[in-house]
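Working notes, beginning with the structure itself.
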Amino acid sequence: MDQVDGSNMLIEERRQHILSLIERDGRVLVSELSDTLGISRITIRKDLDHLESKGLVQRTHGGALAPQGSALLDPSLKEKEQHQHREKQLIAAAAAKLVKEGQCVLLDSGSTTTAIARALREFSHLTVVTNAVNIAAELAGTDFDVILTGGSLRKNSFSLVGPLAEDVLREIRADILFLGVDGFDPQVGLTTPNVLESRVNRAMVHSATRVVAVCDSTKFFRRSMALIVPPTAIHTVITDDQIREEDIEALQGLGIELIVV
């Protein structure tokens, strides 16, 4: 395991680092983490206990494993909906305020964008383009023009991905895109665990006049495997009031409009 200076890490940064190691190697050992991070074994055990309490790892004697029966950094839509539920409702309400009657709205898959779809039901006339089967179903009872991209179904997220979805999106010109992400590192950009999902998301960004990232405060300074776009491709971020001051400064330093709810 590579040597890393853990003494200067924030607690959340250290725990995200531990999760990334479990994703890569399938397990971590308390002794190895203590040696490589320069942190006491007691502190490492507390980190692993905390991660287990969140359902992110499975504790074992002397270390931890990835939780059985679930993808560590690619949780199901149902699992995502249970996380930061209140924050997602507030973000959805703020997102709806950015939409005008008659516009074309792009929604990617995810629990936050599903909440936005429900908030958009207050409008009378919208065109909504999405790669999320569940979002299309949410809006089936409205008078909206709902366009569902084709593609291969990812059962974990109810999203359609692949060349067919990308081809359809290249022909779309949307007024605004609401993009939910798994990680937003201001130095790297927006990321997601699935490469096919990242390609569809990237096509959405290129199709939209205004790109709005919608993510709760836990997503900042997290990196997942597949890059969607660099931070310069984002116009606006909507997040909750638990966002850290350093995250605010990083986003504002990039010239990104920040809406905190």
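Sort out which residues of segment 93-128 are of a type in the set (A, V, I, L, M) and in contact (Cβ under 8 Å) with a residue 60 or more places away in the chain, and write them in order of number. If the condition is that a residue be of a type in the set (A, V, I, L, M) and in contact (Cβ under 8 Å) with a residue 60 or more places away in the chain, then ALA93, ALA94, ALA95, LEU98, VAL99, VAL105, LEU106, LEU107, ILE116 are the ones that fit.
Assessment of segment 204-219 against the conditions (in the same structural domain as ASP108 (by TED's automatic domain parsing), over 16 Å from THR113 (Cα atoms) and among the charged types (D, E, K, R)) yields no matching residue. Among the listed residues LEU164, LEU196, LEU169, which satisfies the condition of being closer than 25 Å to PRO231 by Cα, in contact with a Gly (Cβ under 7 Å, 6 or more places away or on another chain) and either assigned by TED's automatic domain parsing to the domain that holds ALA92 or not in a helix (DSSP H, G or I) (or both)? Residue meeting the stated conditions: LEU196. Of all residues in segment 8-60, which are part of a loop (DSSP other than H, G, I, E, B) and modelled with pLDDT under 85? Scanning segment 8-60 gives ASN8, MET9, LEU10, GLY26, LYS54, GLY55, LEU56, VAL57. Which one of these does ILE238 not meet: (1) in a strand (DSSP E or B); (2) within 14 Å of LEU106 (Cβ to Cβ)? The failed condition is (2). When each of THR232, THR236, THR218, THR209 is tested for being among the hydroxyl-bearing types (Ser, Thr, Tyr) and touching a helix residue (DSSP H, G or I) at 6+ places or on another chain (Cβ under 9 Å), the lone residue that passes is THR218.
The selection criterion, being in a loop (DSSP other than H, G, I, E, B) and either in the same structural domain as SER198 (by TED's automatic domain parsing) or not basic (Lys, Arg) (or both), holds for ASN156. Looking for something without any contact (Cβ under 8 Å) to a residue 12 or more places away in the chain and either farther than 19 Å from GLN103 by Cβ or among the acidic types (Asp, Glu) (or both) - is there at least one such residue anywhere in segment 228-237? No; the residues of segment 228-237 include none that is without any contact (Cβ under 8 Å) to a residue 12 or more places away in the chain and either farther than 19 Å from GLN103 by Cβ or among the acidic types (Asp, Glu) (or both).
Taken together, the residues in segment 148-193 that are acidic (Asp, Glu) and either over 27 Å from ILE259 (Cα atoms) or buried (at least 23 other Cβ atoms within 10 Å of the Cβ) (or both) amount to 4. Residues that are touching a residue at least 60 places away in the same chain (Cβ under 8 Å) and in a helix (DSSP H, G or I) were ranked within segment 199-227; the one that is farthest from GLN16 (Cα to Cα) is SER207.
The values are calculated or read from the model by the stated rules, or taken from the named source; none is laboratory data. Since the structure is predicted, the reported quantities are computational estimates derived from the model, not experimental observations. Cβ: placed from backbone, ideal geometry, glycine included. Neighbour counts: every protein chain shown.
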